[in-house]
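**Student:** Got a structure here, written out as structure tokens. Questions coming.
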Amino acid sequence: LRPVRVWLCDADFATEDEPAPLDLEGSASEVRFGPDGSRLVVALAPTPLIDDYYMYRRLHIVDTESGELIRKLDNPGKLGPMHWSPDGKRLAFCSGEDINDPSAGRLMVADVDSGSFGEVMQEYLPNISDIAWLDNETLMFVAEDGCLSALGSVKADGKDRKLLIDPGTPIFSELSRSDSGVVAFSASAPT
């Protein structure tokens, strides 16, 4: 099996340079540019095999100018959604608590420069299924609690957690924040 590669090219195709693959070890499944475009986060698994995708994807920060690997984040288990903070200094992502955790439902925040990261809400047990930065210090999250879901916010350091919409109806599935600060989410209800 051949790994999935990450390629960079000029978006307006004005140059005659051919798209070039980055020299990254592993098989890529997700890429996201940082806010200023100078860095890219790539989720890489050791191989393109499905078990490696589910269990061993890790985050890699890449310099977009040189294509060099800046840092690898060793998230402890399965990997879920990932998003840069608006200032590009932090990366929020969902991960398993450890390699045996059946879901990628724990909210982590990493300092991009040091590579250190930690779980934001250790005492909050619902599965976090989606996240979005409201500003450089605050995250919004969708939490799945059994058959119910909630919409909440929390500071990146774990303080000031609050539920904006309590568990119940509707059932939330994803969320997104615009650059102007408007948050959109999808949800469903019996009606």
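**Student:** Assess whether A184 counts as being small (G, A, S), loosely packed, with under 15 Cβ neighbours inside 10 Å and more than 16 Å from the chain's Cα centre (by Cα).
**Tutor:** yes
**Student:** Taking A28 as the residue in question, decide whether it is open to solvent by less than 20 Å² (accessible area, probe 1.4 Å), closer than 24 Å to D179 by Cα and out of contact with any helix residue (DSSP H, G or I) (no Cβ under 9 Å at 6 or more places or on another chain).
**Tutor:** No.
**Student:** Let me ask another. Working carefully through the options K89, K72, K78, find the one that is within 16 Å of A28 (Cβ to Cβ) and basic (K, R).
**Tutor:** None of the others qualify; the one that does is K72.
**Student:** Which one of P19, P46 is open to solvent by 50 Å² or more (accessible area, probe 1.4 Å) and at pLDDT 95 or above?
**Tutor:** P46
**Student:** To continue, here is another question. Against the definition (open to solvent by 40 Å² or more (accessible area, probe 1.4 Å), in a loop (DSSP other than H, G, I, E, B) and in contact with a strand residue (DSSP E or B) (Cβ under 7 Å, 6 or more places away or on another chain)), how does P86 come out, yes or no?
**Tutor:** Yes.
**Student:** Here's something else I'd like to know. Tell me which of these S116 doesn't satisfy, since it passes every other one: (1) of a type outside the set (K, R); (2) open to solvent by 10 Å² or more (accessible area, probe 1.4 Å); (3) in contact with a strand residue (DSSP E or B) (Cβ under 8 Å, 6 or more places away or on another chain); (4) in contact (Cβ under 8 Å) with a residue 12 or more places away in the chain.
**Tutor:** (4)
**Student:** Turning to a different aspect of this structure: So the check is Cβ under 9 Å with 6+ separation or different chains; which pairs have a first residue in the range 33-52 that's among the basic types (K, R) and a second one that's part of a loop (DSSP other than H, G, I, E, B)?
**Tutor:** R39/T64; R39/G88; R39/V112
**Student:** Give the residue that is modelled with the highest pLDDT, with candidates limited to residues of the range 149-170 that are more than 29 Å from K89 (Cβ to Cβ) and open to solvent by 80 Å² or more (accessible area, probe 1.4 Å).
**Tutor:** Only one residue tops the list, namely D166.
**Student:** While we're on this one: Working carefully through the options A132, A92, find the one that is touching a residue at least 60 places away in the same chain (Cβ under 8 Å) and either under 28 Å from T64 (Cα atoms) or within 11 Å of the chain's Cα centre (by Cα) (or both).
**Tutor:** A92
**Student:** Among the residues of the range 127-142, how many are surrounded by fewer than 23 Cβ atoms within 10 Å (Cβ to Cβ) and either touching a strand residue (DSSP E or B) at 6+ places or on another chain (Cβ under 9 Å) or modelled with pLDDT of 95 or more (or both)?
**Tutor:** Adding up the residues that qualify gives 10.
Residues are listed down the side, and each one gets a yes or a no for (1) touching a Gly at 6+ places or on another chain (Cβ under 6 Å); (2) under 23 Å from P76 (Cα atoms); (3) aliphatic (A, V, I, L, M):
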{"position": "L107", "(1), (2), (3)": "no, yes, yes"}
{"position": "D111", "(1), (2), (3)": "no, yes, no"}
{"position": "Q122", "(1), (2), (3)": "no, yes, no"}
{"position": "L148", "(1), (2), (3)": "yes, no, yes"}
{"position": "L151", "(1), (2), (3)": "no, no, yes"}
{"position": "K155", "(1), (2), (3)": "no, yes, no"}
{"position": "G158", "(1), (2), (3)": "no, yes, no"}
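**Student:** If I ask for residues that are hydrophobic (A, V, I, L, M, F, W, C) and in a loop (DSSP other than H, G, I, E, B), which ones from the range 117-168 would you list?
**Tutor:** V120, M121, L125, L134, C147, A156
**Student:** Out of the residues in the range 95-113 that are of a type in the set (A, V, I, L, M) and more than 12 Å from the chain's Cα centre (by Cα), state the one that is modelled with the lowest pLDDT.
**Tutor:** I99
The values are calculated or read from the model by the stated rules, or taken from the named source; none is laboratory data. Keep in mind it's a predicted model, so treat the numbers as computed, not measured. Neighbour counts are summed over all protein chains in view; Cβ atoms, including those assigned to glycine, are modelled from backbone coordinates with ideal geometry. Ligands, DNA and RNA are stripped out before the accessible areas are found, and what is left, the full protein with its side chains, is counted by its heavy atoms. Shrake-Rupley method; radii C 1.70, N 1.55, O 1.52, S 1.80 Å.
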